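Here the structure comes first, spelled out in structure tokens, and everything after it is commentary.
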Amino acid sequence: MAKLPTVAIIGRPNTGKSTLFNRLVGARRSIVSDIPGTTRDPVVQRVEGEQLSYLLMDTGGMGGGTEDIDFEDDVEAQSLLALEHADLILFLVSGREEITAADHAVVQVLRKKHKKHVSVFLIVTKCDDPQKMEELLPQFYELGIGDKVFSVSATQRLGTDLLAEEIEEKLLEMHFKKEESEDGEEHTVPRIALVGRPNVGKSSLINALMSDPQRKVQARMVSDVPGTTRDTTDTVITFKGREFLFLDTAGLRRKSHVEGEIEIFATFRTIQAIEDADVTVLVLDAVEGIGRQDKRIANLAVERGTGLILLVNKADQLDAEKKEAFREEIERSFQFCRYAPVLLTSAITRENLPKLFDMITMIVGNRARRIETPLLNRWFQDTVTRYQPNGIGGLNVKTRYITQASINPPTFVLFLNDPRRLHFSTVRFMENKLRDAYALEGTPVRWVKKGRDEE
């Protein structure tokens with residue numbers, strides 16, 4: 001899988017960073033407010049471009065100027081980390097105001113901190129009047145920063161389409177390319193993101209999965225101190241002649257518990273690892289139980305379309321009755337991803353651990369499964385129509401036909417007479433029936449609804 005490049009949006013508070021982020025992403029993901037400093041935590045979202053995909057990162061404001069002074073240092077530290085590790089930087093200034101001391105402060109940081117090979121786009125925001133902007137642009141050129149200058153209005157969608165095209169062109173110039181998974185090819189080496197809360201035993205599991213010779217030279221540092229692993233480390237492990245690439249990541253903590261810039265960047269790298277993975281292995285702690293953060297991590301994997309395995313570590317500390325109770329807790333807690341297989345194991349005893357490789361291989365194959373259109377439509381007629389002869393959902397919503405649009409994950413298109421009336425519970429019913437008919441364990445399924453005018 002090709003590495004996803006990262007594009008970071010930076011600037012002083014209240015220059016429209018979150019609004020531009022939402023426009024480029026195509027959805028309202030960041031909080032938009034007139035209060036400077038609303039965004040405290042970096043927000044990362046995948047952007048599916050025409051020529052390639054990338055991670056877009058919204059950050060808190062730099063250079064001061066917020067009403068939340070206590071948080072300014074932490075927010076600026078996050079922005080500096082985004083700047084340091086970005087492949088392209090979008091530096092925003094407001095077109096409705098004169099250049100401020102805070103803008104100049106950000107310019108100085110850019111000159112000192114950003115890597116020389118990383119391009120900077122200067123984005124003048126809130127440009128609702130193109131004619132007026134012609135008069136104002138010279139002052140922004142005088143900042144002396146930015147390989148290119150753009151004037152945009154994210155709310156009016158002025159200049160944003162051109163900006164999106166230029167972002168992709170610049171990333172292509174840097175030799176980033178479209179992911180292999182998008183052209184339908186299966187990766188030679190499966191990429192597995194091993195994720196979970198701190199101290200659930202991720203590094204110990206990596207060590208346990210290695211052969212004895214490999215462990216002598218590549219063993220991961222293991223400690224009882226939560227957060228020992230601060231970065232994402234790639235480890236290739238060979239099992240039965242096949243290679244598997246494991247991304248051992250720092251633990252994801254709840255935002256209120258993330259302290260210091262190293263922790264902040266570790267969280268971002270975990271999100272990157274899930275984005276780059278074919279399969280996400282969520283490690284649960286059999287002793288500590290299931291927390292809200294575990295559900296959040298699983299949801300990240302579902303949203304990003306990776307395969308998913310729920311691995312319960314330290315299961316050697318549970319008796320048979322407690323193991324069954326833990327399985328029941330998993331079923332209750334992860335109803336939104338019941339397709340994910342569960343593996344109870346222990347990094348110490350290695351019980352059941354070799355089964356993980358078979359699960360990964362199965363899920364990689366299921367994510368790449370393609371079902372021919374005639375078979376799909378026969379399945380639909382024999383299964384769904386049989387149960388709901390008055391239209392799916394009993395709403396007289398007629399499906400004209402169904403086809404599979406893509407793989408990784410399997411994505412199906414329903415052509416309907418009225419897509420707006422199709423209830424999510426009906427889609428869930430169809431997905432359950434589809435999973436009963438075809439091997440789709442471990443992979444999410446995507447559904448696209450289209451009407452007559454969208455064919």
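Bear in mind that the values in this text are calculations on the coordinates, not laboratory data. Computed from a predicted model, the values in this text were never measured in an experiment. Using ideal geometry, Cβ is built from the backbone for each residue, glycine included, and neighbour counts are taken over all protein chains shown.
With a threshold of 26 Å on the Cα-Cα distance, the over-threshold entries among Lys177/Lys202; Lys115/Lys202; Lys202/Lys433; Lys115/Lys177; Lys177/Lys240; Lys148/Lys177 are Lys177/Lys202; Lys115/Lys202; Lys202/Lys433; Lys177/Lys240.
Averaged over residues, the count of other Cβ atoms within 10 Å places the peptides 294-302, 100-108, 314-322 in the sequence 294-302, 100-108, 314-322, highest first. Report, in listed order, any pair from Lys17/Lys112; Lys295/Lys323; Lys17/Lys116; Lys132/Lys170; Lys17/Lys449 with a Cα-Cα distance greater than 30 Å. Over 30 Å apart, Cα to Cα: Lys17/Lys449.
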